[in-house]
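**Student:** Take a look at this one; I'll ask things after.
The values are calculated or read from the model by the stated rules, or taken from the named source; none is laboratory data. These numbers come from a predicted model, not from an experiment. Heads up, the Cβs are rebuilt from the backbone with ideal geometry, glycines too, and the neighbour counts pull from every protein chain shown. The accessibility values were calculated without ligands, DNA or RNA, using every heavy atom of the protein model including side chains. Shrake-Rupley method; radii C 1.70, N 1.55, O 1.52, S 1.80 Å.
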Amino acid sequence: MVLDDTGGEVLRAEGAAAPAGRPYGSWHFTNPHGQRVHGFCITPDDSGGPFPVVMYVHGGPTWLDMDVWEPDVQALVDAGFAVALVNYRGSIGYGREWRDTLIGNIGGPELEDVNAGLADLVARGIADPSRAVIAGWSWGGYITLLELGKHPELWLCGVAGVPVGDYEAGYEDLSPLLQAYDRALLGAPPSERPDLMRDRSPINFVDHVRAPVLFLAGENDTRCPIRQVMLYVDRLKARDHPHEVYLFPTGHSSFDIGEKVRQWRTILDFLSRHVPGIRADATAGAASR
């Protein structure tokens, strides 16, 4: 609907009213360096938990999570998850020093902050540590794969949307503009940062992954090219590790609503098969929000 400046309804949208969403709760916790990290936590009800939890990592990394309407978040909440959105070091909106923490140091501060957030939610009784899921798209997909390989004991399963699986191979297939962004972020091309790549490229930890993984990837993605995703997938396949791959024919994102619904039905179905206590009967409706 469209409202005027007094809150009066000027124009009503056609069709059924959108279902009510759960409110975002602003949330702070402390990371291992004593820094105060901000994010949002959304719970399926007011019972206090513990709930199965999705640590849902934003992309960018120069981006942030805000208190806005997000159908994907509400779909996860409808299915029974608490959803945690962490504005890890590297996010915008918290000053230049916070944003620039990742320059020359990608794939480290983000994991520290996400894991500290999970530990805080567990300590508060909100999150069930035996039913923790790591998920994200783009840079969030990169962090998802790093988490699954470097901290496999934390996660029951993972959802990696358009992720970075092999950082060096991905750089080779990027456009010159995006390669320039990577060089600015890393401080040099990946080939000149071998120590960083050794410790921060997910494919180097793929053999440590224990949890089932769902991949969603665009066949014509120019930001997180498909070749480097499939190099990672092939390593899982070679050791017969449980994983699923959903490919869609466009690029880094699909702007087709029907395609997004199909993707979220796939995600919710995957989660309902791997996370005990998820309301499987809620997933089909939630995906159509």
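**Student:** Can you pull out the residues in the stretch 133-162 that are of a type in the set (Val, Ile, Thr) and either in contact with a helix residue (DSSP H, G or I) (Cβ under 6 Å, 6 or more places away or on another chain) or at positive phi (or both)?
**Tutor:** The answer is Ile134, Ile143, Val159, Val162.
**Student:** How many residues are open to solvent by less than 20 Å² (accessible area, probe 1.4 Å), more than 21 Å from Leu156 (Cβ to Cβ) and without any contact (Cβ under 8 Å) to a residue 60 or more places away in the chain when one looks only at the stretch 47-73?
**Tutor:** The qualifying residues number 0.
**Student:** Given the conditions (1) assigned to a helix (DSSP H, G or I); (2) open to solvent by less than 10 Å² (accessible area, probe 1.4 Å), report the number of the one that Asp100 does not fulfil.
**Tutor:** All conditions pass for Asp100, except number (2).
**Student:** Something else about it: Sort through Leu247, Leu231, Leu216 and tell me the only one that's open to solvent by 60 Å² or more (accessible area, probe 1.4 Å), touching a residue at least 12 places away in the same chain (Cβ under 8 Å) and assigned to a strand (DSSP E or B).
**Tutor:** After ruling out the rest, the residue left standing is Leu247.
**Student:** Okay, moving on. Within the stretch 244-259, can you find the residues that are under 21 Å from Arg273 (Cβ atoms) and either of a type in the set (Asp, Glu) or under 17 Å from the mean Cα position of the chain (by Cα) (or both)?
**Tutor:** Once the filter is applied, which keeps residues that are under 21 Å from Arg273 (Cβ atoms) and either of a type in the set (Asp, Glu) or under 17 Å from the mean Cα position of the chain (by Cα) (or both), the stretch 244-259 yields Glu244, Val245, Tyr246.
**Student:** I need the full set of residues from the stretch 14-46 which are open to solvent by 60 Å² or more (accessible area, probe 1.4 Å) and among the hydrophobic types (A, V, I, L, M, F, W, C), in order please.
**Tutor:** If the condition is that a residue be open to solvent by 60 Å² or more (accessible area, probe 1.4 Å) and among the hydrophobic types (A, V, I, L, M, F, W, C), then Ala16, Ala17, Ala18, Ala20 are the ones that fit.
**Student:** Just for strands (runs of 3 or more DSSP E) wholly inside the stretch 1-88: which have at least 1 residues that are of a type outside the set (A, V, I, L, M, F, W, C) and touching a Lys or Arg at 6+ places or on another chain (Cβ under 9 Å)?
**Tutor:** Here the list reads 25-30, 51-57.
**Student:** Given the condition among the polar types (S, T, N, Q), touching a residue at least 24 places away in the same chain (Cβ under 8 Å) and either surrounded by fewer than 19 Cβ atoms within 10 Å (Cβ to Cβ) or under 20 Å from Val37 (Cα atoms) (or both), answer yes or no: does some residue in the stretch 74-97 qualify?
**Tutor:** For the stretch 74-97, residues among the polar types (S, T, N, Q), touching a residue at least 24 places away in the same chain (Cβ under 8 Å) and either surrounded by fewer than 19 Cβ atoms within 10 Å (Cβ to Cβ) or under 20 Å from Val37 (Cα atoms) (or both): present.
**Student:** If you don't mind, another one. Quick one: would you say Asp207 is touching a residue at least 12 places away in the same chain (Cβ under 8 Å), open to solvent by 60 Å² or more (accessible area, probe 1.4 Å) and among the charged types (D, E, K, R)?
**Tutor:** When the stated conditions are applied, Asp207 passes them.
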